[in-house]
Amino acid sequence: MGSDRKLRVLIAKPGLDGHDRGARVIARAFRDAGFEVIYTGCHQTPEQIVSTALQEDVDLIGLSILSGAHMYSFPRIMELLKEHNAEDIVVIGGGIFPTEDIPKLKEIGIKEIFEPGTLLEDIIQWVKTNVKPRGAAEAA
Amino acid sequence: MEIVQKILDGDIRAVARLMRDIDDEIPSAKEVLKELYPYTGKAYVIGFTGSPGVGKSTLVDRLVDKLRAVGKTVGILAIDPTSPFTGGAILGDRIRMQRHFLDSGVFIRSLATRGHFGGLTRSTHDMIDVLDAMGKDIIIVETVGVGQDEIEIAHTAHTTVLVTVPGMGDEVQAIKAGIMEIGDIFVVNKSDREGSRKTIRELRNLVELGLRRHKTEGPPWEPPIIETVASKNKGIDELYEAIMKHKKYLFDNKKTKLERVLFDRAKLHFVGILRDQLFNTVLKRARERGEDLDELVAKIVHRDVDPYTLANKLVERELGDSK
Ligand SMILES: Nc1nc2c(ncn2[C@@H]2O[C@H](COP(=O)(O)OP(=O)(O)OP(=O)(O)O)[C@@H](O)[C@H]2O)c(=O)[nH]1
Ligand SMILES: [Mg+2]
């Protein structure tokens, strides 16, 4: 009985704009894929995001962004994760990014960037392939 | 165990991971819980319950301000429902609690019901023990807003706050049956809305009726009814005072009240563990004999056997006579 590791995901929205429709859509899609989604709403600072990720013991952080603050917030989040020895948490981004920023974001450790128009099924499939609930080995 | 010391020291990652293991039913978590048990029993547990959207998370957020201002550390367990169709969940209570994310005196954990009914999760009591062992003074449990079956939280928290909003006449009817068993404090939140007075009047009538009917050992507790506007921080001082007053009432009446609360919680916890263990043991042994649960169920469907006979057979085989 039991011993089923459930994937836990944090969907967060750094930056100042208050449009979280995209984030809500992805949160719902992840729920429907069977994940436990911690949803924290808009205006999250990198510090808040990382603190939440640690307390909630998530496997994946999905960052939704529109406002263009990603070149500040994404590196800061990666830095904080490193500080807390939590680099095992996979980080992905979704939203509108200038094409030239995408390689830079991957370089600092963002695993994947999903641009507008990506099918939800494709994102879910990517997560299922690339993110395993942490500690799954001991559970098996 | 190294992990035990880490929990006692309040190590965030260790605590978060242990909670994960508890929820995922990883066997090693039980060993840690055994070692932690002697360090528990110090925290004060407050439950918030009430229908979806009445403002439980917002109230908790405001109350945490008060608790932090008087120097208390706080652990929060915020429960939301698991979708029965997909097994997934959206845990959104944190949206209202953002202001406390960076306060090291506050630890927030979102929990999904994972098929458990009754407002809590199967793991809630263990989670309370972990927060208690890590040194949190106050533990707040926000139930999944079922609005019907709140007895689990009432048997878990020292003080249970039942939250409602104006114009929910049906809800008042629904809580009528067990009103004195559930709420130690009633909150009419969103009292900036029309109909607040009427809801308060209805509640007061029910409380008075309940007080007359529900005789218990020791001095009675008359549940206060408090008007709040959580989004505007109104009525929070009164709520805090009411909780402190109820706490004092419990401690002034140790034998008849406080010990009763602790007994109810331990019983609910223990019975849950025992039930799970028996169930898991019986099924595990059956599996070892090559009998899979689904195959057993298929026998019932085909009318090869009735469910009682089959259950009896499995239990008797492991435990002897069970009739
Ligand atoms: N007008 C008004 N709105 C409020 C008040 N308190 C909370 N709200 C709003 O009510 C909505 C729901 O509040 P929550 O605190 O999330 O309610 P909840 O009971 O925790 O909801 P669930 O966890 O989903 O059951 C939010 O939009 C709040 O801003 C209040 O006193 N007055
Ligand atoms: Mg809530």
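The values are calculated or read from the model by the stated rules, or taken from the named source; none is laboratory data. A quick note: this is a predicted structure, and the numbers were derived from the prediction, not measured. Cβ coordinates were reconstructed from backbone atoms using ideal geometry, including for glycine residues, and neighbour counts include every protein chain displayed.
Numerical summary
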{"read-out": "Set B:282, B:305: member being in a loop (DSSP other than H, G, I, E, B) and either under 32 Å from the mean Cα position of the chain (by Cα) or of a type in the set (Val, Ile, Thr) (or both)", "value": "B:305"}
{"read-out": "Helices (runs of 4 or more DSSP H) lying entirely in segment A:1-94 (those with 3 or more residues that are within 8 Å of chain B (Cβ to nearest Cβ))", "value": "A:21-32, A:46-56"}
{"read-out": "Subset tally (residues that are more than 6 Å from ligand 1 (Cβ to nearest atom) and not polar (S, T, N, Q)) for segment B:51-63", "value": "5"}
{"read-out": "Residue in segment B:50-73 that is over 25 Å from residue B:154 (Cα atoms) and among the hydroxyl-bearing types (Ser, Thr, Tyr) present", "value": "no"}
{"read-out": "Lone unmet requirement of (1) more than 12 Å from chain A (Cβ to nearest Cβ); (2) more than 9 Å from ligand 2 (Cβ to nearest atom); (3) touching a residue at least 24 places away in the same chain (Cβ under 8 Å) for residue B:55", "value": "(2)"}
{"read-out": "Residue satisfying condition, being surrounded by fewer than 19 Cβ atoms within 10 Å (Cβ to Cβ), modelled with pLDDT under 95 and more than 14 Å from the chain's Cα centre (by Cα), within set B:135, B:71, B:105, B:115", "value": "B:115"}
{"read-out": "Any pair with Cβ under 9 angstrom, 6 or more apart, that starts in segment A:95-106 at a residue that is part of a helix (DSSP H, G or I) and ends at one that is among the acidic types (Asp, Glu)", "value": "A:102/A:115; A:106/A:112"}
{"read-out": "Residues being in contact with a Gly (Cβ under 7 Å, 6 or more places away or on another chain) and not in a helix (DSSP H, G or I) - total across segment B:55-103", "value": "7"}
{"read-out": "Extreme residue, farthest from residue B:129 (Cα to Cα), among residues of segment B:77-119 that are within 14 Å of ligand 2 (Cβ to nearest atom) and of a type in the set (Lys, Arg)", "value": "B:96"}
{"read-out": "Segment B:120-138, subset within 16 Å of ligand 2 (Cβ to nearest atom) and among the β-branched types (Val, Ile, Thr), residue nearest to residue B:3 (Cα to Cα)", "value": "B:124"}
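Yes/no per residue for (1) in contact with a Gly (Cβ under 7 Å, 6 or more places away or on another chain); (2) within 17 Å of residue B:136 (Cβ to Cβ); (3) free of Cβ contacts under 8 Å to residues at least 12 places away in the same chain:
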site	(1), (2), (3)
B:6	no, yes, yes
B:10	yes, yes, no
B:18	no, yes, no
B:27	no, no, yes
B:30	no, no, yes
B:34	no, no, yes
B:37	no, yes, no
